[in-house]
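Contents: one structure, followed by commentary.
The values are calculated or read from the model by the stated rules, or taken from the named source; none is laboratory data. Bear in mind the structure is a predicted one, so any value in this text is a computation, not a measurement. Please note that ligands, DNA and RNA were not included when accessible areas were found on the heavy atoms of the full protein model with its side chains. Shrake-Rupley method; radii C 1.70, N 1.55, O 1.52, S 1.80 Å.
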Amino acid sequence: MAPSNPNLPPRSPEDEPWWTRTSIYQVYPRSFADSNGDGIGDLPGVIAHLDHVADLGVDTLWVSPFFSSPQADFGYDVTDYCGVAPEYGTLEDVDALIAGAHQRGLKVMFDLVLNHTSDQHPWFVSSRSGKSGPKADWYIWHDGRSGGRRGRRPPNNWRSAMEVSSTSAWQWSPERQQWYLASFLPFQPDLNWRHPEVREAMFEAVRFWLRRGVDGFRLDIFGSIMKDPRWRDNPLEPSLGGGAIARIWKRKFTENTPDNVQLAKDLRAVCAEFGDPERVLLGEVFGDGATLRGFLGTPHEPGLHLVFLFDFLAYTYSAAFFRDRISEYERDYPAPLQPTYVLENHDRSRLMDRVGGDLDKARVLAVLLCTLRGVPTLYQGQEVGMPNTYLPLRTARDPIARTYFRWVPEVVSKRLAERINRDEVRTPMQWTAAENAGFTQPGVRPWLPLGKHVATRNVATQTGDPTSMLELYRSLLRLRRERPALHRGALQLVPAGEDVVAFTRSTSHDRHPGGDVFVAVNLGRSPVSVRVPMPAAQVLVTSNRAAALAGGTLTLPPDSGAVVG
Ligand code: NOJ
């Protein structure tokens with residue numbers, strides 16, 4: 001945020017930039033819509049469904065990677081940052097996607113994988129071939145430690161993302177006779193961002209898309225990019241880690257280093273070269289509250305615009321849990337900063353399964369997601385209540401499941417709350433009740449099997465049904481867009497009983513105040529009555545038709561929520 005100029009009138013929330021009031025819809029292109037009958041979703045498929053995204057009422061489309069890639073991690077392994085994988089389309093399709101989104105008033109964010117490339121990227125192929133070539137230092141290479149079998153002991157104790165299987169982040173290259181660092185999977189070597197040519201090449205790739213008109217980026221594992229230049233061992237410190245990921249080693253020297261925060265600021269400066277409207281950076285970062293907040297920098301030295309807050313992916317279904325988180329985020333992200341709420345993405349269990357298949361509970365969380373102060377993010381299929389679809393590990397396409405978990409007995413894997421086979425949350429988008437759910441042509445075999453409940457959990461069937469999940473999201477997002485209080489108003493929690501999360505959203509600080517709303521959700525097992533702290537309010541949206549307002553009191557059945565104003 002630029003420092004405010006004392007000669008200008010004070011800024012009102014109405015003046016704040018677009019990203020402070022946006023909402024985001026994530027498209028995983030491989031599974032969204034297949035336009036050419038090869039069983040794989042593609043960019044023309046996304047373009048063909050832009051009306052759905054616009055009608056849903058979200059403001060920004062985030063598209064998971066479609067760049068050139070051998071697809072070993074389905075695009076999170078890039079071989080050309082400025083190219084498009086042929087199965088997804090062409091650069092002309094990208095331009096058409098941006099134009100089509102902009103015509104509908106949608107912003108577009110792409111997904112930047114800055115930490116690593118594919119091991120088939122020409123840069124890595126060259127780097128691996130020897131210690132003296134032009135790309136020799138573009139990746140993180142190191143000799144082994146002495147001791148053990150000569151030269152074959154990893155340089156230090158850094159662990160990959162698969163720490164749970166105690167995997168070293170170092171991979172041996174017989175060709176170069178050295179170790180390279182791969183913080184995620186072995187075929188995703190980490191770039192050496194301390195090399196000026198790497199920085200420049202990557203910043204140029206960022207500019208390439210900015211010039212084509214993209215409005216911002218989701219940044220893949222952003223906190224892992226800048227490692228300790230002295231290669232120090234991470235200290236032993238078992239913890240639950242950020243986002244409830246169990247860890248044995250504190251990632252002191254491999255994650256969220258001060259240099260990473262500096263990189264956020266440098267990248268923001270690259271975006272700023274493009275002027276208004278602002279191009280936006282949304283970071284996938286993990287860590288405690290202060291660490292995440294740190295990535296946003298300061299008013300004088302801004303970093304990322306937004307960071308995902310993943311707590312809602314690992315929630316406890318209790319009002320106390322949500323009240324605590326909301327209070328914490330209100331404290332840490334005062335306007336114009338915004339918390340970024342996530343209930344689903346392409347890596348983690350779908351919401352429907354987290355709530356044990358209970359549609360009422362999922363609807364309650366939809367009300368919260370769309371009415372809290374902050375940026376709600378939705379993942380394709382969430383709007384129709386798509387569940388996880390159990391798929392046996394032995395059939396997995398997901399490299400994590402294939403590489404590390406194939407040995408896990410199915411009876412165990414079936415029962416885990418978190419999915420270790422990410423295919424289960426990436427089944428094709430369900431558009432219709434017809435064969436192949438409208439994802440691809442009849443008779444074609446989609447790249448992953450279809451999900452469960454296609455007959456009811458699809459866009460066509462739910463459209464126009466006022467009781468459907470889709471129409472609930474549409475009403476909530478429409479209201480969020482119409483009501484300034486919901487997209488830019490202040491949030492004040494209101495005490496309303498142990499099982500209730502209640503708050504007001506108010507524009508009283510705007511130049512043009514008015515239209516305040518009150519939101520209450522009942523996460524308990526008994527009905528509750530909640531006093532509405534505003535006169536002459538009416539019910540605007542409810543998650544359950546039995547929720548009623550009479551004489552200034554809102555009656556909420558168990559697992560229900562209402563927005564009044
Ligand atoms: C996080 C992404 O969300 C995930 O899908 C990917 O596999 C890893 N980063 C590696 O890029």
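Of all aspartates and glutamates in the structure, those lying under 16 Å Cα to Cα from LYS252, and not within fewer than 8 positions of it along the same chain, are GLU163, ASP228, ASP233, GLU237, ASP288. For LYS414, a cut-off of 17 angstrom between C-alpha atoms picks up these aspartates and glutamates, skipping any fewer than 8 places away in its own chain: ASP347, ASP353, ASP398, ASP423, GLU424.
Treating segment 356-459 as a set of equal point scatterers at the Cα positions, no solvent, please give the Debye-formula log₁₀ I(q)/I(0) at q = 0.19, 0.22 Å⁻¹. With no solvent term, the Cα-only Debye profile gives -1.04, -1.17.
Scattering from segment 415-480 was approximated by placing one identical point on each alpha carbon and applying the Debye formula without solvent; log10 I(q)/I(0) at 0.17, 0.20, 0.21, 0.23 1/Å stands at -0.72, -0.86, -0.90, -0.96. Here segment 423-565 has 52 percent of its accessible surface on carbon and sulfur atoms, given a 1.4 Å probe and all protein chains in place. Principal-axis analysis of the Cα atoms of the chain puts helix 319-332 at an angle of about 70° to the longest axis.
Principal-axis analysis of the Cα atoms of the chain puts helix 91-103 at an angle of about 20° to the longest axis.
Computed on the Cα atoms alone, the convex hull of segment 245-362 gives a volume of 143 cubic angstrom per residue. Temperature 4 °C, viscosity 1.567 mPa s: under these conditions the Stokes-Einstein estimate for the chain, based on its Kirkwood radius over C-alpha pairs, is 53 µm² per second.
Here is the P(r) of segment 111-225: all C-alpha pair distances, binned every 5 Å from 0, give 2, 12, 19, 23, 19, 13, 7, 4, 2, 1, 0 in whole percents. In straight Cα distance, which lysines are under 25 Å from LYS250, not counting same-chain residues fewer than 8 positions off? List returned: LYS227, LYS265. Distances between every pair of Cα atoms in segment 229-303, grouped in 5 Å steps from 0 to the bin holding the largest one, split as 3, 14, 21, 21, 16, 11, 8, 4, 2, 0 percent. With the contact rule set at Cα under 8 Å and sequence spacing of 6 or more, what percent relative contact order holds for the chain? It rounds to 13 percent for the chain.
One equal scatterer on each Cα of segment 360-405, no solvent, Debye formula: the resulting log10 I(q)/I(0) at q = 0.24, 0.26, 0.28 Å⁻¹ is -0.85, -0.92, -1.01. When the alpha-carbon atoms of segment 442-562 are used, the pair Rg, Dmax equals 17.9, 58 angstrom. The orientation-averaged projected area of the convex hull spanned by the Cα atoms of segment 451-507 comes to 6.0 nm². Summed over qualifying helices (DSSP H, 4 residues or more, each -39500 (n - 2.57)) and divided by its residue number, the chain shows a 222 nm mean residue ellipticity of -7000 deg cm²/dmol.
Within the accessible surface of segment 203-333, defined with a 1.4 Å probe on protein heavy atoms only, the carbon and sulfur portion equals 54 percent.
Per residue, the solvent-accessible area of the chain (1.4 Å probe, heavy atoms of protein chains only, all protein chains present) comes to 39 Å².
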